[in-house]
Amino acid sequence: MRIDCKRVWEHISAYIEGEVDAELRAEIDRHLETCEVCCAVLDSTRNVVVLVADERVFELPAGFSERLHARLDTELALTGS
Ligand SMILES: [Zn+2]
């Protein structure tokens, strides 16, 4: 089973929180090794999750490119989540 970027993004929060099953986690790990986009999304999402958990003001992490953010927004809008 190979997964694409969109699938990684759908599960990124659960991945960070350790709520994905072992098989999916392995697939995401494998994808992240070769995909710079998803690595950036993972880093940014992890920061956002931490910020939300701490109830701090939402702020995009440094280095999170606007273009990447726009792409992620678009993809998430398309999936309805
Ligand atoms: Zn990717």
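Every read-out reported here was derived from the displayed coordinates using simple, explicitly stated rules and does not represent laboratory data. Quick caveat: nothing in here was measured; it's all calculated off a predicted structure. Positions of Cβ are generated from backbone atoms using ideal geometry, with glycine treated the same way; all protein chains shown enter the neighbour counts.
At-a-glance table
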read-out: Sites residue 30 and residue 74 - FRET efficiency at Förster radius 22 Å, r taken between beta-carbons, to 0.05; value: 0.35
read-out: For the range 4-53, the fraction of alpha-carbon pairs in successive 5 Å shells from zero, as %; value: 5, 22, 36, 24, 11, 2
